Amino acid sequence: MIALTAAALLTPTKRVEMPLVLIEDGVIVEVASHGTREIPTGCTVMDFSEDVLAPGFVDLHLHGGAGWDVMDPAPEALPAVEKLVAGHGVTAFFPTTVTASLDATLRALERLARAVERAAKGNEGLRARPLGIHLEGPFISHARRGVHPPEHLLPPTSAAFERFWEAASGHIRMMTIAPELPGALEVIAQAAVRGVCLSAGHSDANLTEMRAGVEAGVRHATHTFNAMRPLGHRDPGIVGEILTDERVSADIIADGIHLDPAVVKLFLECKSHDKAVLITDATAATGMPDGRYRLGAMEVEVREGRCLSEGRLAGSVLTMDRAVRNTMKFGEWSLMHAVQAATLNPAKVANLPWVGRVETGARADFVVLSSHGEVRRTIIGGRVA
């Protein structure tokens, strides 16, 4: 049995001083206070007495890192990404596709499905685990496609979704879709029955069209404000529905580049502590020096923290620990609330009951943080990564 002690624990909905967390076979078996509970005899003790324990971060939108894209067929690609993000506190993530040719997308889904299945067996080592696939594109708006190649965008149809679903062996857990497209509402309903989290994004939807999407099954929004019809005071559009509908959670890229800090604060105040989700939208350039990298089949260039393709923002080089610290700074949120947006909230959005929280029966995935949100250690399955 392993015993973890620290100055404090963020569950993340409450703070526990002098925590004692007992772990057996990679699973949390008890959460108590060291002040009232003795460490059992024979335990291996890991003491982080100067730091704060929190659940491992969960990233629902991750394209790559360490020079590699998650759609790259090279066997070393995904492990390199997993190792990099684990160093920044991420213990679970959704590898995220970008619009590509149909054949390339189907092949990538097959590879990523095998990776998800291997990770479920627990033999992938001390790296972040892919728990499902996020399909971003091709069911998105030409008007708000961002850098997604227009020639590969597809109208949403049941037949097309079935091809993606079968290629992914049912491991698509999240899908970004523009709800205003013809056929989108039927596909949203079809995917929702399969347990997919439907996320509105890359969309030019007006308020009525977004509300229809929510009624059909949309429950989340992808990188809010970016690649969306702008919020207008007489034409609130998709953003108006996202910010005001309590049924809808939403994520943001809190890097200070995709959104002005004042807009980050506005978003956080609207979606509150339990509906705001942090993502990175990280690309292969994350963790790398300035230069040229791949995003799916596209080439992107990184200069001074900006990831660009033909002058447009193309993902980010953000890490989740930086997103947490930026949330504390931009939104004036506590470490506990910022951590919740990177752990419990994304886990709830994606229906992942065994991650993103510290409680009996949950997987023993932790990040050890300073009081300011810097990563000291990452613990995966009860072992230090």
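Here is a list: GLY356, GLY373. Which entry is under 22 Å from LEU259 (Cα atoms), touching a helix residue (DSSP H, G or I) at 6+ places or on another chain (Cβ under 8 Å) and small (Gly, Ala, Ser)?
On the way: GLY356 fails: under 22 Å from LEU259 (Cα atoms).
The unique qualifying residue is GLY373.
Those strands (runs of 3 or more DSSP E) of the stretch 295-376 in which at least 3 residues are touching a residue at least 24 places away in the same chain (Cβ under 8 Å) and crowded, with 18+ Cβ neighbours inside 10 Å, considering only elements entirely within it, cover 366-369.
Screening ALA254 on (1) surrounded by fewer than 24 Cβ atoms within 10 Å (Cβ to Cβ); (2) in contact with a helix residue (DSSP H, G or I) (Cβ under 8 Å, 6 or more places away or on another chain); (3) in contact (Cβ under 8 Å) with a residue 60 or more places away in the chain shows it passes everything except condition (1). Is it fair to say LEU62 is in contact with a Phe, Trp or Tyr (Cβ under 8 Å, 6 or more places away or on another chain) and closer than 30 Å to LEU112 by Cα? Judged against the criteria, LEU62 is a match. Scanning the stretch 82-106 for residues that are closer than 20 Å to ASP321 by Cβ and within 14 Å of the chain's Cα centre (by Cα) turns up GLU82, VAL85, ALA86, HIS88, GLY89, VAL90, THR91, ALA92, PHE93, PHE94, PRO95, THR96.
Of the residues that make up the stretch 119-127, is at least one more than 24 Å from PRO353 (Cβ to Cβ), part of a helix (DSSP H, G or I) and free of Cβ contacts under 8 Å to residues at least 12 places away in the same chain? No, the stretch 119-127 contains no residue that is more than 24 Å from PRO353 (Cβ to Cβ), part of a helix (DSSP H, G or I) and free of Cβ contacts under 8 Å to residues at least 12 places away in the same chain. Going through the stretch 281-308 one residue at a time, which ones are within 22 Å of the chain's Cα centre (by Cα) and under 17 Å from HIS258 (Cβ atoms)? Residues satisfying the conditions are ASP281, ALA282, THR283, ALA285, THR286, LEU295, VAL300, VAL302, GLY305, ARG306, CYS307, LEU308. The set of residues from the stretch 181-218 being buried (at least 18 other Cβ atoms within 10 Å of the Cβ) and within 15 Å of ASN351 (Cα to Cα) comprises ALA191, VAL196, CYS197, LEU198, SER199, GLY217, VAL218. For the stretch 77-90, the count of residues that are acidic (Asp, Glu) and part of a strand (DSSP E or B) is zero.
Restricted to the stretch 49-68, and to residues there that are over 17 Å from GLY381 (Cα atoms) and among the hydrophobic types (A, V, I, L, M, F, W, C), the residue that is nearest to the chain's Cα centre (by Cα) is LEU60.
None of the figures in this text is laboratory data; all of them are computed from the coordinates on show. In this text the structure is predicted, and so the values were computed from the model without any measurement. As a convention, Cβ positions derive from the backbone with ideal geometry for all residues, glycine included, and neighbour counts pool all protein chains shown.
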